[in-house]
Amino acid sequence: MVTKRDYRDMVAGVLLLLLGLAAAWYASENYRIGTVTRMGAGMVPLALGIMLAGLGLVVMVSGWFRKGIMPEVRVLTPICIFGSIAVFGLMIQPFGLLPAVLASTTVASLAEKEFRPLRILLSGLVLCAAAWGIFVFGIGLSIPLLSWKP
Amino acid sequence: MDIFANLALGLGTALSPYNLLYCFLGVFLGTIIGVIPGIGVLAAISMLFPITFHLEPTAALIMLAGIWYGTTYGGSTASILLNIPGSPSSAVTCLDGYPMARQGRGGVALLMTTLASFGGASIGIVVLTSFSPVIAKYAIYISSAEYFALMLLGLVAAATITNGSAIKGLAMVVLGLLLATVGMDSQSGAQRFTFGNLELMDGLSIVALAMGLFGVSEIVASVRRIHPGDVDPKSATWAAMKPTRDDVRRSWVPLFRGAGIGSFFGAMPGTGPSLAAFMSYAVEHRMSRTPERFGKGAIEGVVGPESANNAADQTAFIPTLSLGIPGSPTMALMLGALMIHGINPGPNLISEQPGLFWGLVMSFWIGNLLLLILNVPLIGLWVRLLMVPYRMMYPAILMFICIGAYSVRYSPFDVFTVLGFGMLGYAMRVFSLPPAPLLLGFVLGPLVETHFRRAMIMARGDAMYFLERPFTATVLALTVAVVVWSIWAGLRRRARDKSGLLDQ
């Protein structure tokens, strides 16, 4: 969809501007700035924050003066993919490697938009075997395969 | 006859069974990743990055480098047979490679690209071998001000030359530098942006950053988009590969020209294999007496760019290994791998770690030979790989990323860092902000800050100090020129672009 102004760039610019200002403000509040000769820990983050804000402003303003295309934002796919990583992170220590792999691949497979339990289970089991073979047996990582510390 | 002793040392290192195994593993994985559209070389390297922690530094670098130049070989396969570039540097190969495949000459195109890749890479290695030690010898004398200027040039060039919008590229470099300040300040010991979190004290993990920005966001963008190709496995048999005498006659000059172009652009900051391949194609098109054949299956249009991108793959190591300044995000990851093993990249690398440097260089020869062997007889296997559906691949890639990130410190926190960078990466994709400059800024961040602060101490706070030193002033002037040129080029492109829709 073609829009009159490049809203994508304008939003990106605003976000960069805010991020830069936040970093600069946080650095100047919490860290010693020092002098140009003897810089404190806060000087470089402060300068970078201001630079980022400035560049964000340029991106925002230039978006105002040109036409743009609305980007396509996917909803289901990121939820499944990000969810799969989160599930892995939450399960790896309490339950061990195999349950974490099985659960995270199941969540990831949902991004396909078709639910086929048998196929998902099968590929999950294959990946469990691969995870054990490569990481535990092959490289020798000491990750427990199963554990119970909820 | 120093050079022969060094080459012998390198050959000995590279040929040790341990290093040879990882060289083979690297180029093998690289070829697979190159063939499959939907996993880029950066995603692949970051995925396999944690594995290299468990290796010796030389083997680790040999393997990562093998993945890097291996993908360039593999990338051309998908370009020729499917008209989808398996890796960005092979995009140009589609232009004439795919028409060749349509004419039933896919086998010839595959064989000639493999030979051109080998030829280009060999020339690139010769250039690398002859220039790196010389540059390093002079680089020992340069001080913090020069270093700062060189890194600035590298960052600015990488941000502005290859990407669509120069401003967005610069913004991402700054964001990368800012993210690099997270953790303990090396000079004062103060905690910055840790918000009291102990796991952030060592800073954000480069592994998590690269995996999230390149691996995870690429998966989000590719699921349900990449479909297995409709390939005729017969196009890749021995009989179909035999080039005609005319093919050979047309190919050898573009090969050398491509290698020259590639060697130059590979070593420059900000440019790299992709740009080198484009340049070589443009040059071949212009030099040809029959330019109308281009785009319809001209062998020169395949051989030149493939020779160029492989030469560039090799010469990209010149600034990385001789100065410690990476020209591209992949090279930044290589430096990251070195630093994790406690090796400081810089001009002293070659003299302090001769085994590593020469071993790596010699492993390039061996790796390219292995690739030649892997690619020609096994081409049928790679073609079948193009038919594996993506829905079977991406859960495996995700699993690799999760376990890999976790294994570095056995910390779920790192898995969530990957998640955070994955979200950032996807948001950046939506807003068309380039991730590569961010990674480069992140890796160089601590060095840039240290050298800048040190130089300012020496300068007693006077910025004129930078301009009074001829070398520094020249480099800074170049940096300004790059910025001005890229903004001017962007404005001109916009003026020419009647629809007003830039970089879509």
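Residues that are surrounded by 17 or more Cβ atoms within 10 Å (Cβ to Cβ), more than 10 Å from chain A (Cβ to nearest Cβ), of a type in the set (A, V, I, L, M) and closer than 23 Å to residue B:43 by Cα do occur in the range B:161-169.
Okay, residues lined up against (1) surrounded by 15 or more Cβ atoms within 10 Å (Cβ to Cβ); (2) facing another protein chain (nearest Cβ under 7 Å); (3) under 19 Å from residue B:427 (Cα atoms):
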| residue | (1), (2), (3) |
| --- | --- |
| A:35 | no, yes, no |
| A:55 | yes, yes, yes |
| A:59 | yes, yes, yes |
| A:65 | no, no, no |
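Is it the case, given these coordinates, that residue B:305 is crowded, with 24+ Cβ neighbours inside 10 Å and either over 24 Å from residue B:134 (Cα atoms) or out of contact with any Pro (no Cβ under 6 Å at 6 or more places or on another chain) (or both)? Yes, satisfied. Going residue by residue through the range B:287-301, is there one that turns out to be buried (at least 21 other Cβ atoms within 10 Å of the Cβ) and in a helix (DSSP H, G or I)? The answer is yes; a qualifying residue exists.
Does residue B:137 count as more than 14 Å from chain A (Cβ to nearest Cβ) and not β-branched (Val, Ile, Thr)? So residue B:137 passes the test.
Put simply, of A:56, A:83, A:89 the only residue that is within 30 Å of residue B:450 (Cα to Cα), within 22 Å of the chain's Cα centre (by Cα) and at pLDDT 85 or above is A:56.
Candidates in the range A:108-119 are the residues that are more than 9 Å from chain B (Cβ to nearest Cβ) and of a type in the set (A, V, I, L, M); of these, the one that is nearest to residue A:88 (Cα to Cα) is A:110.
The residue that is nearest to residue A:147 (Cα to Cα), counting only those in the range A:104-127 that are crowded, with 19+ Cβ neighbours inside 10 Å and not β-branched (Val, Ile, Thr), is A:104. Scanning the range B:454-483 for residues that are among the hydroxyl-bearing types (Ser, Thr, Tyr) and farther than 24 Å from residue B:160 by Cβ returns a single hit, B:465.
Does residue B:52 qualify as being of a type outside the set (A, V, I, L, M), within 15 Å of residue B:382 (Cα to Cα) and touching a residue at least 40 places away in the same chain (Cβ under 8 Å)? Judged against the criteria, residue B:52 is not a match.
Inspect all residues belonging to the range B:458-476 and state whether any of them is within 25 Å of residue A:46 (Cβ to Cβ), crowded, with 20+ Cβ neighbours inside 10 Å, at the interface with chain A (Cβ under 9 Å from one of its Cβ atoms) and of a type outside the set (A, V, I, L, M, F, W, C). No, that holds for no residue.
Quick check, is residue A:46 touching a helix residue (DSSP H, G or I) at 6+ places or on another chain (Cβ under 6 Å) and at the interface with another protein chain (Cβ under 7 Å from one of its Cβ atoms)? No. Does residue B:182 satisfy being surrounded by fewer than 24 Cβ atoms within 10 Å (Cβ to Cβ) and in contact with a Phe, Trp or Tyr (Cβ under 8 Å, 6 or more places away or on another chain)? Yes. Sub-7 Å Cβ pairs linking a first residue in the range B:442-462 that is without any contact (Cβ under 8 Å) to a residue 24 or more places away in the chain to a second residue that is of a type in the set (A, V, I, L, M), at least 6 apart or interchain, are B:456/A:36; B:456/A:39; B:461/A:36, ordered by first then second residue.
The number of residues in the range B:194-207 that are in contact with a Gly (Cβ under 8 Å, 6 or more places away or on another chain) and either buried (at least 24 other Cβ atoms within 10 Å of the Cβ) or at the interface with chain A (Cβ under 8 Å from one of its Cβ atoms) (or both) comes to 1.
Picking from residues in the range A:67-95 that are more than 26 Å from residue B:224 (Cβ to Cβ) and in contact with a Phe, Trp or Tyr (Cβ under 8 Å, 6 or more places away or on another chain), the one that is nearest to the other protein chains (Cβ to nearest Cβ) is A:92.
The values are calculated or read from the model by the stated rules, or taken from the named source; none is laboratory data. Just so it is clear, the structure is predicted and the values come from calculations on it, not from any experiment. Every residue, glycine among them, receives a Cβ derived from its backbone with ideal geometry; neighbour counts consider all protein chains shown.
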